[in-house]
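J.: Could you have a look at this structure, given as structure tokens, before my questions?
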2 protein chains.
Amino acid sequence: MSVTAGTPVVNEDEAALATPFVKCLVRLIRAQDTYGSQDGASDAELLARFIVNEQQRREIPIIGDPDADVMWRFNIFYTAVGLSIEARTRLVASPITMISHEGFGRVLLTTGRLVVFSKTVRDVHRFGFATLRKLAEAGAKLVDDAIAAIEAYPEVARA
Amino acid sequence: MSVTAGTPVVNEDEAALATPFVKCLVRLIRAQDTYGSQDGASDAELLARFIVNEQQRREIPIIGDPDADVMWRFNIFYTAVGLSIEARTRLVASPITMISHEGFGRVLLTTGRLVVFSKTVRDVHRFGFATLRKLAEAGAKLVDDAIAAIEAYPEVARA
């Protein structure tokens, strides 16, 4: 990634937007925008809701249920991970999330009989990433780890 | 199972109550009864809530969210399956359930990286079994199938 002095963040964002995972996430968001109310929004604008910096994180209370908006972001992020895995392996990867009323829970991604990803999550209320690059990296890492697991146990992933 | 003429249902129920799966389920229910308010209840009485006959099934509306009581029964049943698997294999089997507001959803049981059980469920509102024997058989079959899967992929179940 070539970063010109003076505009590092912009170039960093552009590089993040060009990654396969972020493109997949944007496609999913646009697909769910049934009435096209966000057709005029740029990719960066659509993803703005996923960006939560350290200051903002601290200000989000973690009391009570995570709201519908954060649950939507949380679920669509892991759906994009599943779709990216499918695009590269031709295996359907289904996310399954179980979040309690307190914002604690588990996320699992499975293909066939293989658990390709399993994570205990907390503070779902604060789900988000500091920058677009961090979002792109987190998604790409999940996809890469999942594909490594599928390659380690190919017949279980197809069972 | 020896069934004496005249009292087949009673003996059938007794046989069901003596199976390892049903004993495990009863232990779990008693463990959750923190204040001991049901200490005087027999095992059959504790399990009465799981018995839903065909007539009762039809009368349960499947509109709106399944209520807290049925979700509790649903979750404790699959937790008992997980515990029974653990008792026989020494591997922790965690259930993860994702039920939508309409009573549709998925249940997964995993050990290590192996999905030992995966099911799409519907009409969770009507979760229940026609008789104690059916309950015992359904639980035992899930446990047996899960153990067969673990034996088929032993290293994945321990990954």
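J.: Quick one: in the range A:120-136, which of the residues that are more than 11 Å from residue A:50 (Cα to Cα) and either among the β-branched types (Val, Ile, Thr) or free of Cβ contacts under 8 Å to residues at least 24 places away in the same chain (or both) is surrounded by the most Cβ atoms within 10 Å (Cβ to Cβ)?
T.: For the range A:120-136, the residue satisfying everything is A:124.
J.: Moving on. Take the conditions on the phi > 0 side of the Ramachandran plot and either of a type in the set (Lys, Arg) or without any contact (Cβ under 8 Å) to a residue 40 or more places away in the chain (or both) and apply them to residue A:90. Does it pass? So that I can check it myself, show each step before the final result.
T.: Numbers: on the phi > 0 side of the Ramachandran plot: yes; either of a type in the set (Lys, Arg) or without any contact (Cβ under 8 Å) to a residue 40 or more places away in the chain (or both): yes.
Taking the combined requirement at face value, the residue satisfies it.
J.: Considering A:16, A:80, A:68, which residue is among the hydrophobic types (A, V, I, L, M, F, W, C), modelled with pLDDT under 90 and closer than 28 Å to residue A:146 by Cα?
T.: Numbers: A:16 fails: modelled with pLDDT under 90; A:80 fails: modelled with pLDDT under 90.
One residue alone meets the criteria, A:68.
J.: Okay, next question. Condition (residue is in contact with a Phe, Trp or Tyr (Cβ under 9 Å, 6 or more places away or on another chain) and assigned to a helix (DSSP H, G or I)) applied to the range A:119-132: is it met by at least one residue? Explain how you work it out, then say what you get.
T.: First pass over the range A:119-132, keeping only residues in contact with a Phe, Trp or Tyr (Cβ under 9 Å, 6 or more places away or on another chain): A:120-124, A:127-129, A:132.
Within this subset, residues satisfying the condition of being assigned to a helix (DSSP H, G or I) are A:124, A:132.
Checked against the condition, which is being in contact with a Phe, Trp or Tyr (Cβ under 9 Å, 6 or more places away or on another chain) and assigned to a helix (DSSP H, G or I), the range A:119-132 yields at least one hit.
J.: Here's a follow-up. Would you say residue B:94 is within 15 Å of the chain's Cα centre (by Cα), modelled with pLDDT under 90 and farther than 17 Å from residue A:94 by Cα? Lay out the reasoning, then the answer.
T.: Values: within 15 Å of the chain's Cα centre (by Cα): yes; modelled with pLDDT under 90: yes; farther than 17 Å from residue A:94 by Cα: yes.
Yes: the conditions hold for residue B:94.
J.: Just to be sure, is residue B:102 surrounded by 14 or more Cβ atoms within 10 Å (Cβ to Cβ) and part of a loop (DSSP other than H, G, I, E, B)? Spell out how you get there, then give the answer.
T.: Details: surrounded by 14 or more Cβ atoms within 10 Å (Cβ to Cβ): yes; part of a loop (DSSP other than H, G, I, E, B): yes.
In short, yes.
J.: Which of the residues belonging to the range A:25-62 are surrounded by 13 or more Cβ atoms within 10 Å (Cβ to Cβ), over 27 Å from residue A:143 (Cα atoms) and touching a residue at least 60 places away in the same chain (Cβ under 8 Å)?
T.: Within the range A:25-62, A:60, A:62 meet the criteria.
J.: Looking at residue B:126 and the list (1) in contact with a Pro (Cβ under 7 Å, 6 or more places away or on another chain); (2) farther than 18 Å from residue A:97 by Cα, which single condition is not satisfied?
T.: Condition not satisfied by residue B:126: (1).
J.: On to the next question. Of all residues in the range B:78-128 being small (Gly, Ala, Ser) and facing another protein chain (nearest Cβ under 10 Å), which is farthest from residue A:156 (Cα to Cα)?
T.: Initial filter on the range B:78-128 (small (Gly, Ala, Ser)): B:80, B:82, B:84, B:87, B:93-94, B:100, B:103, B:105, B:112, B:118, B:128.
Checking which are facing another protein chain (nearest Cβ under 10 Å) leaves us with B:94, B:105, B:112, B:118.
On the way: B:94: 19, B:105: 23, B:112: 13, B:118: 14 Å.
The selected residue is B:105.
J.: Output the residue which, of all residues in the range B:29-66 that are hydrophobic (A, V, I, L, M, F, W, C) and assigned to a loop (DSSP other than H, G, I, E, B), is farthest from residue B:83 (Cα to Cα). Steps first, please.
T.: Filtering the range B:29-66 for residues hydrophobic (A, V, I, L, M, F, W, C) gives B:29, B:31, B:41, B:44, B:46-48, B:50-52, B:60, B:62-63.
With the extra rule that they be assigned to a loop (DSSP other than H, G, I, E, B), the set shrinks to B:41, B:52, B:60, B:62-63.
Values: B:41: 23, B:52: 24, B:60: 29, B:62: 29, B:63: 32 Å.
Step by step, filter the range B:29-66, then rank; the result is B:63.
J.: Considering only the range A:63-78, I want to know if a residue exists there that is over 24 Å from residue B:121 (Cβ atoms), of a type in the set (Val, Ile, Thr) and surrounded by 15 or more Cβ atoms within 10 Å (Cβ to Cβ).
T.: For the range A:63-78, residues over 24 Å from residue B:121 (Cβ atoms), of a type in the set (Val, Ile, Thr) and surrounded by 15 or more Cβ atoms within 10 Å (Cβ to Cβ): present.
The values are calculated or read from the model by the stated rules, or taken from the named source; none is laboratory data. Everything quoted here is computed from the prediction, not taken from an experiment. Here Cβ is always computed from backbone atoms with ideal geometry, including for glycine, and neighbour counts include all displayed protein chains.
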